[in-house]
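No lab work stands behind these numbers, since they all come straight from the coordinates. A quick note: this is a predicted structure, and the numbers were derived from the prediction, not measured. As a convention, Cβ positions derive from the backbone with ideal geometry for all residues, glycine included, and neighbour counts pool all protein chains shown.
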Amino acid sequence: MYAVISDRQRQFTVREGDVILCDTMTSAEPGQEVSFDQVSLVSNEDQVRLGKPLVAGASVTGEVLGAVKGPKLVVFKFRRRKDSRVKNGHRQKYTRVRITSINA
């Protein structure tokens, strides 16, 4: 059984036991339960329910594992022949969530 869920602007294909990286949930503490109500598709072994745009009555629950940081990205800008160089870095913050159940 799997489902396609939406969290803010991103979509995930999830199964029970999967660990996903969602955008930062500032109010979520480790061990807290989180529910995703925007489910676009739910698939059992024998049938597929497709929402238009969402599947009615479906939800996915998960457990917050904690906050993590993504890989460091180096942003380097320069303008040739102008002696202009700017070097910045960025490291996105995520919340790790383990999917515990899919309620169809």
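Loop-only trypsin sites (Lys or Arg not before Pro) in the range 61-104, please: DSSP not H, G, I, E or B, and at most 14 other Cβ atoms within 10 Å.
LYS72, ARG80, ARG81, LYS82, ARG91
What nm distance separates the two modelled labels at ARG49 and THR100, each placed 7 Å from Cα along Cα→Cβ?
2.1 nm
Give me the log10 of I(q) over I(0) for the range 33-80 at q = 0.13 Å⁻¹, as the Debye formula computes it from C-alpha points; what are the numbers?
-0.57
Hey, got the dipole for the chain? About the Cα centre, +1 on K and R Cβ, -1 on D and E Cβ, debye to the nearest 20?
1500 debye
Residues of the range 33-68 with amide nitrogen under 13 Å from the 7 Å Cα-to-Cβ point of VAL19?
63-68
Could you tally the net charge around GLN92, taking each other residue with its Cβ under 11 Å from the Cβ of GLN92, Lys/Arg +1 and Asp/Glu -1?
Its environment carries a net charge of +3.
Hey, what's the Kirkwood Rh for the chain if you take every pair of different alpha carbons, in angstrom? Don't skip to the answer; put the middle values down first.
On the way: mean 1/r = 0.0637 Å⁻¹.
Result for the chain, one decimal place: 15.7 Å.
Near THR61, within a Cβ-to-Cβ distance under 14 Å, what is the net charge of the other residues, with Lys and Arg +1 and Asp and Glu -1?
After counting each charged neighbour, the total is -4.
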